[in-house]
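The block underneath contains the structure these notes are about, expressed in structure tokens.
The values are calculated or read from the model by the stated rules, or taken from the named source; none is laboratory data. Note that this is a predicted model, so its numbers are computed, not measured. Counting neighbours? That spans all protein chains shown, and the Cβs are built from the backbone with ideal geometry, glycine included.
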Amino acid sequence: MNQKTHDHIRQNVRESYAEVAEANTNGDCCGVESSCCGVSDDAAINTIISTRLGYSEDERGSVPEGADMGLGCGNPRAIASLRPGETVVDLGSGGGFDAFLAAQEVGESGHVIGIDMTPAMLSKARANAEQGKFTQVEFRLGEIEHLPVADNSVDVIISNCVINLSPNKPQVFRDAWRILKPGGRLAISDVVASAVMPEEMKNDPQLHAGCMAGAELIEDLEAMMAEAGFEKIRIAPKDESKEFIKDWAPGRGVEDYVLSATIEAVKPGGGCCC
């Protein structure tokens with residue numbers, strides 16, 4: 001895949017999620033997926049979307065209204081084992097939902113950095129942080145392939161259904177490795193491919209922006225992560241996720257090719273016992 005294609009995919013994703021941010025703010029629908037990307041002014045609908053992804057109603061109620069946009073495919077914090085004082089980076093932080101929940105775990109002595117390439121999302125997240133008085137959370141504009149974060153400065157990287165959107169996943173993992181401290185860890189929820197997807201699906205820009213067409217086979221992801229330098233790689237697919245994935249593109253049969261998974265790995269060194 002050449003750079004021009006990379007840029008085209010990235011711009012399509014950026015435009016799609018700018019629409020999501022604006023729709024969420026206005027209480028409208030966006031069209032990235034059949035469920036309106038989780039964008040709804042109906043609290044009951046948003047609760048159903050998030051609880052089936054593994055979040056509790058208490059978690060939803062602990063963040064500013066509008067931070068939970070229903071855009072994930074799991075709950076990365078469930079595997080992150082965050083500790084007070086840690087520095088956390090959230091790749092593709094959107095409205096800030098996972099970043100704010102992480103902030104509650106790392107406490108005032110910790111630090112959470114959300115990275116998003118969509119200015120509209122960044123503005124929304126910053127407004128949410130101010131509303132919720134999350135002083136230990138900041139949001140930076142950037143691409144997940146080239147993170148605006150210093151080398152060896154982060155304890156944990158979390159991400160929720162974002163890496164599949166990248167046209168250059170090996171670079172995502174290389175840059176994640178760069179910013180993690182020795183012993184730092186990945187805790188990711190994402191969509192993976194369970195079978196080789198038909199070309200017409202892989203080349204569908206709507207399915208790509210909807211977190212389906214960009215999914216990689218598990219063995220390919222493991223190879224990318226190992227090549228980047230990660231160890232203790234563990235990718236655990238969730239068969240039950242097909243129940244909500246089929247709602248993302250009704251009638252397309254995407255649930256036959258992709259499913260949600262937890263993805264964990266550690267940067268060697270640092271005496272980590274994770």
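Points to keep in mind about this one:
- Qualifying positions in the range 137-168 - in a loop (DSSP other than H, G, I, E, B), within 13 Å of the chain's Cα centre (by Cα) and within 19 Å of Ala80 (Cβ to Cβ): Ile144, Cys161, Val162
- Every listed requirement among (1) acidic (Asp, Glu); (2) surrounded by fewer than 14 Cβ atoms within 10 Å (Cβ to Cβ); (3) modelled with pLDDT of 90 or more is met by Glu243 save one, (3).
- In the range 153-186, the residues that are touching an Asp or Glu at 6+ places or on another chain (Cβ under 9 Å), surrounded by 21 or more Cβ atoms within 10 Å (Cβ to Cβ), of a type in the set (Gly, Ala, Ser) and at pLDDT 95 or above: Ser159, Gly184
- The listed residues are Gly94, Gly66, and the only one of them that is touching a strand residue (DSSP E or B) at 6+ places or on another chain (Cβ under 8 Å) and closer than 25 Å to Trp248 by Cα turns out to be Gly94.
- Residue in the range 113-122 that is nearest to the chain's Cα centre (by Cα), counting only those that are assigned to a helix (DSSP H, G or I) and touching a residue at least 60 places away in the same chain (Cβ under 8 Å): Met121
- Only residues that are buried (at least 16 other Cβ atoms within 10 Å of the Cβ) and part of a helix (DSSP H, G or I) were counted across the range 217-231, and they come to 6.
- Selection count where residues are among the hydrophobic types (A, V, I, L, M, F, W, C) and over 18 Å from Gly74 (Cβ atoms), scope the range 211-248: 7
Every residue, every condition in (1) in contact (Cβ under 8 Å) with a residue 24 or more places away in the chain; (2) more than 20 Å from the chain's Cα centre (by Cα); (3) more than 25 Å from Glu15 (Cβ to Cβ), yes or no:
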| residue | (1), (2), (3) |
| --- | --- |
| Ile188 | yes, no, no |
| Glu227 | yes, yes, yes |
| Lys238 | yes, no, yes |
| Tyr257 | yes, no, no |
| Ser260 | yes, no, no |
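- Looking across the range 38-93, the residues that are in a loop (DSSP other than H, G, I, E, B), at pLDDT 85 or above, of a type outside the set (Gly, Ala, Ser) and more than 12 Å from Asn160 (Cα to Cα) come down to Leu82, Arg83, Pro84, Glu86.
- Within the span defined as the range 136-152, one or more residues are among the β-branched types (Val, Ile, Thr), touching a Phe, Trp or Tyr at 6+ places or on another chain (Cβ under 8 Å), at pLDDT 95 or above and on the phi < 0 side of the Ramachandran plot.
- Of all residues in the range 118-165 being hydroxyl-bearing (Ser, Thr, Tyr) and touching a strand residue (DSSP E or B) at 6+ places or on another chain (Cβ under 8 Å), the one that is farthest from Leu186 (Cα to Cα): Ser153
- Qualifying residue in the range 194-211 (condition: at pLDDT 95 or above, outside any loop (DSSP other than H, G, I, E, B) and within 25 Å of Phe97 (Cβ to Cβ)): no
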